[in-house]
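Chemist: First the structure, then my questions, so here it is.
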Amino acid sequence: MLVQTVERLAPIFAPSHSWVVTNSEQADAVSRELPRVPRRHVLIEPAGRNTAAAIGLAAAHLLHEDPSGDALMAVLPADAFIGKPARYRQLVRAALKVAAQPGALVVLGIAPTRPETGYGYIERASARRSGPKSEIAGAVRRFTEKPSAALARTYIASGRYLWNAGMFFWRLSTYLENLQRHLPKTYAAVMRIAETVGTSKYSAALRREYSQLENISVDYALLEPASRDPKHSRVFVIPASIDWSDIGSWAAVYELLAKKPGANVSSGPILTLDAAGNLIWSPSKFVAAVGVSGLVIVETPDALLVCSRERAQDVGNVVKWLEKQRLHKLL
């Protein structure tokens, strides 16, 4: 999926303009998978500090290459499936055009297909504030955290909410200005790292400074407060119907594989009687499903998961319980 992310954008960005932020365990694999991306563009975090810090690390290197701060940044997760790449590239170009304007922060919003509780949501403003000359970009009213199932259903019914897919666009200078305003300690550390890029002091400075950075996502740290403070920053969303999925739950896997609504999806031999909308992942065993709908059934050699598709995100709670019980062999 990392390779697909880079290749999908090749008509817009040359590989030499791509940067990957990763950890030391994955850095060699990243370079092998992306041989056309310069090795010095594979940036290694000495510790995991969430997306505000990871983007800050990339910003430090971009600032070294372009001290004017006018570089345009597209921040894109490497774990997304996108079924309509041509349309996606059109929207990326549109987002970059909006992001080129001073102070503009742009995010792609995905039209929700279900009351998902595992994603953040973006509420669009009902009326346009002064903004970009773009017919497809609208002002953001607020970002919301992962909602309950009932609240997610309310969001979808309103028609004002989009999923936050974590795809952002802005000028380097805009990002740094917002980092300084809303996360000043991280900004100061990023600038200290930037001063050492390309010198023998870089490695030591990175180890010293990076572990002290706030562990917070860029959504919470910058975009949320910026959307509440339009005097300083302008936050815009572009709706994106691109067959997007981060494949982060079994419900997402079902949506990706189902040929039509209500279809049963399986990885092995099954018999279904009066059953619809089920995902049955049992490569080694025959499964008979009778009179059930909307279930996720996943069989592995040492465990069996049964849940409703609507509750697929709650599998994370099972993982937490297993960790608490120290049942690591089941993880």
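Chemist: Counting just the Cα atoms, what span does the range 86-199 cover along each of its three principal axes? Round to the nearest Å and put the largest first.
Modeler: So the extents along the principal axes, rounded to whole Å, are 53, 32, 29.
Chemist: Net charge around Tyr121, counting only other residues with Cβ within less than 13 Å of its Cβ (Lys, Arg = +1; Asp, Glu = -1)?
Modeler: Value of the local net charge: +2.
Chemist: Still on this structure: For Ile242, what is the net charge nearby, where nearby means another residue's Cβ is under 10 Å from its Cβ and Lys, Arg count +1, Asp, Glu -1?
Modeler: Net local charge, Ile242 excluded: +2.
Chemist: With viscosity set to 1.306 mPa s and temperature to 10 °C, compute the Stokes-Einstein D of the range 241-331, Rh being the Kirkwood radius across alpha carbon pairs; µm²/s, no decimals.
Modeler: Result for D is 113 µm²/s.
Chemist: Here's something else I'd like to know. Under a crude label model (7 Å from the Cα following the beta-carbon direction), how far is Gln180 from Ser200 in nanometres?
Modeler: Between Gln180 and Ser200, the simple spin-label model gives 3.2 nm.
Chemist: Residues of the range 89-201: accessible area per residue at 1.4 Å, in Å²?
Modeler: Spelled out: the 1.4 Å probe surface of the range 89-201, per residue, equals 46 Å².
Chemist: Sticking with this one: Report the residue, chosen from Ala71, Ala258, Ala288, that carries the largest GNM mean-square fluctuation when the chain is represented by alpha-carbon nodes joined by springs under 10 Å.
Modeler: Ala288
Chemist: Find the centroid of the Cα atoms in the range 189-204 and in the range 239-307, then give the distance between the two in whole Å.
Modeler: A separation of 49 Å, based on Cα centres.
Chemist: Suppose we keep just the DSSP beta bridges with both residues in the chain; what percent of those would be antiparallel, to 5?
Modeler: If we restrict to bridges inside the chain, about 55 percent are antiparallel.
Chemist: On to the next question. Taking every alpha carbon pair in the chain, what does the distance histogram look like in 10 angstrom bins from 0, in percent?
Modeler: It works out to 5, 22, 30, 25, 13, 4, 0, in whole percents.
Chemist: When the Kirkwood radius is taken over all Cα pairs of the range 35-78, what Stokes-Einstein diffusion coefficient follows at 37 °C and 0.692 mPa s, in µm²/s?
Modeler: For these conditions, the coefficient is 281 µm²/s.
Chemist: A further question follows. Report the per residue volume, in Å³, of the convex hull enclosing the C-alpha atoms of the range 218-283.
Modeler: So the per-residue hull volume is 128 Å³.
Chemist: How charged is the neighbourhood of Arg181? Take every other residue with its Cβ under 15 Å from the Cβ of Arg181, and add Lys/Arg as +1 and Asp/Glu as -1.
Modeler: Summing Lys and Arg as +1 and Asp and Glu as -1 gives +1.
Chemist: Suppose we keep just the DSSP beta bridges with both residues in the range 276-331; what percent of those would be antiparallel, to 5?
Modeler: Just about 60 percent of them are antiparallel.
Chemist: Taking only Cα atoms, what is the 0 to 90° angle, nearest 10, from helix 85-99's long axis to the longest principal axis of the chain?
Modeler: Value to nearest ten degrees: 30.
Chemist: Two-decimal Rg/Rh of the range 49-151 from alpha-carbon positions, Kirkwood Rh?
Modeler: 0.98
Chemist: Okay, next question. With both bridge residues required to lie in the range 236-331, what share of the DSSP beta bridges run antiparallel, to the nearest 5%?
Modeler: Counting DSSP beta bridges with both partners in the range 236-331, the antiparallel share is about 40 percent.
The values are calculated or read from the model by the stated rules, or taken from the named source; none is laboratory data. The shown structure was predicted, so the numbers you read here are calculated from the model rather than taken from an experiment. Cβ coordinates were reconstructed from backbone atoms using ideal geometry, including for glycine residues, and neighbour counts include every protein chain displayed. Protein only, heavy atoms only, side chains kept; ligands, DNA and RNA dropped before computing areas. Shrake-Rupley method; radii C 1.70, N 1.55, O 1.52, S 1.80 Å.
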